[in-house]
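Here's the structure, in structure tokens; my notes come after.
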Amino acid sequence: MKEIHKILKNQYWDNLTDESKIQGVADSISFPMQEEDVANIISYMNTKKINVTIQGARTGLSGGSVPRGGHVMNMSRMNKITGIKYCAEKDEFILSLQPGVLLQDLNTAIRRKEIVIFNEKRQIRNDIDQFRRAGRYFFPPDPTESLASIGGIVSCNAAGPCSYAYGSVRQYVSQIRVVLSDGTVLTIRRGGNKCKKRICHINIENKNISFELPKYSFSNPKNSAGYFSQDDMDIIDLFIGAEGTLGIITSIDLRIIHEPNEKFRCISFFHNNDDALNFADKMKHAKDEFGNISVVALEYIDNYSMRLVEQQRSKIQAAEIIPEIDTSFAAGIYFELHSGNTDNLDYATQIAVDMMEMCGGNTENTWVSSEERELDPLKVFRHAIPESANVLMDDYKHNNPGLTTICTDMAVQEKNIKKMMEMYKRDLNNKKIQYIMYGHIGDNHLHINMLPKDMKEYEIGLELYKRWAKKIAEWGGTLSAEHGIGTVSYTHLTLPTN
């Protein structure tokens with residue numbers, strides 16, 4: 001087939017890895033331009049019994065897009081917005097997207113009201129005009145990695161800092177089109193097909209197929225370790241978060257909602273780690289004080305993360321807008337408030353500042369932002385933390401090409417969050433493994449990035465990962481809250497059953 005290219009060492013070599021830095025192998029690659037190409041290629045591969053790995057923008061940390069032989073199908077050229085529709089009942093817009101659209105391009109199009117649709121029909125033109133006249137809208141989950149593709153985001157049910165209040169991507173997907181392994185195309189609309197308890201029925205080319213979903217239950221709201229399974233669930237949710245294992249998503253209808261008029265972002269720094277955790281806990285339970293003001297993001301940043309960003313800032317794009325970081329602080333807490341009313345937000349902001357001072361926060365070194373800008377220093381700083389780790393690991397890899405960052409994605413119930421952090425710190429300090437700890441403290445979900453200098457430290461890090469996974473499973477937590485299982489967890493863990 002002319003769409004299929006052979007992978008050579010001087011061509012398409014980058015497509016054998018992703019941000020996990022795991023090196024894969026494959027024989028061939030394709031870049032479909034439309035759904036028909038996807039169906040033809042996957043059907044051909046199916047008849048030849050060739051394994052296929054689906055790729056988006058290759059920004060994943062779990063190695064989900066790293067091939068283990070066979071064929072690579074890269075969706076990056078299916079990158080158009082193909083439709084827009086206004087939903088009067090909910091006062092929201094629904095955008096139809098190809099899977100290769102990047103999150104940053106989607107956010108830019110929404111913010112600048114630059115929705116360009118090829119072969120648009122009259123009704124679409126009317127909806128575009130209405131969108132341009134309407135107020136501000138946004139895609140609330142807004143995962144941290146702005147260069148991720150929408151197809152990858154949906155396939156992993158990704159989340160971001162603001163998912164603390166707005167939820168993960170799942171809630172914003174109203175329809176998908178999926179190509180199955182034999183080339184069959186399904187249109188799956190939310191509300192169109194619900195399971196009965198854990199029994200699902202689906203019609204594929206006039207054949208009624210029934211199957212039973214797993215009977216495990218999720219103890220954490222954020223969980224991407226396994227297929228989504230709930231009583232009476234919508235069948236669309238089985239495909240969202242399935243990491244491409246059930247079919248290839250070729251089209252996504254995504255809801256965007258009214259953006260609050262007022263926002264307040266803040267990073268507060270603390271000399272004592274317990275004070276930072278105490279402040280985060282107070283912010284979690286401040287609903288009565290804040291009234292109708294939403295705490296939409298609540299993030300933790302440890303001292304090692306601050307030091308690493310400061311050390312690597314010259315190598316990080318856009319880092320020049322990050323203020324100088326005082327690395328004497330033990331920890332920082334990032335939070336974000338949203339409101340439709342300026343007076344209400346001012347009141348809530350003052351309450352948050354009072355809480356911060358009560359917990360020992362340093363108001364003189366607090367960073368604040370209330371303007372919506374394309375490059376907000378606070379958001380750039382949050383993104384620079386994992387990017388700094390990647391830059392450092394690239395240096396270490398010069399002498400040890402097999403090295404990768406070891407990233408955890410585990411989450412626990414609220415009662416176990418301090419115990420989890422103590423376990424991480426104790427084990428890593430005892431083994432003298434360099435690391436950073438940061439992430440979604442509001443969801444009891446923190447990331448550890450272990451930064452081994454050599455293969456001996458790397459093997460030690462993997463053993464720690466296994467030990468933590470077993471313990472967190474015993475506590476009723478999840479081994480992957482948002483990254484997915486991919487190759488990393490599958491290869492390095494014997495997953496405990498729960």
Per the Debye formula with a single identical scatterer at each Cα and no solvent contribution, what log10 I(q)/I(0) holds for segment 340-394 at q = 0.23, 0.25, 0.28 Å⁻¹? -1.00, -1.04, -1.07
If Glu463, Glu387 are ordered by their accessible area, calculated over protein heavy atoms with a 1.4 Å probe, which sequence runs from highest to lowest? Glu463, Glu387
Sort His398, His271, His201 by accessible area with a 1.4 Å probe, largest first. His398, His271, His201
Asp395 - accessible surface, heavy atoms, 1.4 Å probe, Å² rounded to 10: 70 Å²
Might you work out the accessible area of Arg382 for me, using a 1.4 Å probe with all protein chains in place, and round it to the nearest 10 Å²? 20 Å²
Report the relative contact order of segment 1-92, percent, no decimals, based on alpha-carbon pairs under 8 angstrom and at least 6 residues apart. 34 percent
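Kindly provide the Kirkwood hydrodynamic radius of segment 179-261 in Å, to one decimal, from all pairs of distinct alpha carbon atoms. Could the numbers behind the result be given before it?
Values: mean 1/r = 0.0695 Å⁻¹.
Kirkwood radius, segment 179-261: 14.4 Å.
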Run the simple label-point estimate for Glu310 and Lys197 please: 7 Å along Cα→C-beta, distance reported in nm. 5.9 nm
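Kindly state, to the nearest 0.05, the FRET efficiency for Asn292 paired with Glu205, given R0 = 45 Å and r defined as their beta-carbon distance.
FRET efficiency, Asn292 to Glu205: 0.35.
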Accessible surface, 1.4 Å probe, highest first, among residues Arg313, Arg467: Arg467, Arg313
From the Cα trace of the chain, what convex hull volume per residue do you get, rounded to a whole Å³? 159 Å³
Taking all protein chains as present, what is the carbon and sulfur share of the accessible area of the chain, in % to the nearest whole number, probe 1.4 Å? 47 percent
Given charges of +1 on the Cβ of Lys and Arg and -1 on the Cβ of Asp and Glu, with all other atoms neutral, how large is the dipole of segment 157-286 about its Cα centre, in debye to the nearest 20? 280 debye
Rounded accessible area of Phe138 (nearest 10 Å², 1.4 Å probe): 30 Å²
With an 8 Å Cα cut-off and a minimum separation of 6 or more residues, compute the relative contact order for the chain in percent. 15 percent
Quick P(r) readout (segment 6-141; Cα-Cα; 10 Å bins; whole %) gives 11, 33, 26, 20, 9, 0
Neighbour-limited loop hits for trypsin sites (Lys or Arg not before Pro), segment 1-105 (at most 11 other Cβ within 10 Å; DSSP other than H, G, I, E, B): Lys2, Lys9, Lys48, Lys49, Lys90
What number, rounded to the nearest 500 deg cm²/dmol, is the helix-based mean residue ellipticity at 222 nm of the chain, given -39500 (n - 2.57) per DSSP H run of at least four residues and division by all its residues? -9500 deg cm²/dmol
Report, in cubic angstrom per residue, the convex hull volume of the C-alpha atoms of segment 234-299. 195 Å³
Shape verdict for segment 404-450, please, from the Cα gyration tensor: rounded (a/c under 1.5), prolate (a/b greater than b/c) or oblate. oblate
From the P(r) of segment 223-368, could you give the percentage of C-alpha pairs in the tail past 22 Å? 57 percent
Cα-based Rg (one decimal) and Dmax (whole number) for segment 270-337, in Å? 14.4, 44
Per residue, what volume in Å³ does the convex hull of the Cα atoms of segment 356-460 enclose? 151 Å³
With the dipole of the chain defined by +1 on each Lys or Arg Cβ and -1 on each Asp or Glu Cβ, the option from Asn74, Tyr438, Gln123 whose Cα lies farthest towards the positive pole is Asn74
Whole number in Å², please: accessible area per residue of the chain, 1.4 Å probe, ligands, DNA and RNA not counted. 46 Å²
Of Val368, Ser43, Leu345, farthest towards positive along the dipole that unit charges on Lys, Arg, Asp, Glu beta carbons give the chain: Ser43
For the chain, give the magnitude of the charge dipole about the Cα centre (Cβ charges: +1 Lys/Arg, -1 Asp/Glu; no others), in debye to the nearest 20. 1660 debye
Cα-Cα separations in segment 129-205 greater than 17 Å, expressed as whole percent: 62 percent
So, with +1 on the Cβ of K and R and -1 on the Cβ of D and E, and no other charges, what is the size of the charge dipole of segment 60-171 about its Cα centre, to the nearest 20 debye? 280 debye
Rounded to the nearest Å, what's the spacing between the alpha carbon centres of segment 208-263 and segment 353-416? Just the number, please. 27 Å
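The values are calculated or read from the model by the stated rules, or taken from the named source; none is laboratory data. Bear in mind that the values here come from a model prediction, so they are computed numbers and not experimental data. Counting neighbours? That spans all protein chains shown, and the Cβs are built from the backbone with ideal geometry, glycine included. Surface areas here come from the heavy atoms of the whole protein model, side chains and all, with no ligands, DNA or RNA. Shrake-Rupley method; radii C 1.70, N 1.55, O 1.52, S 1.80 Å.
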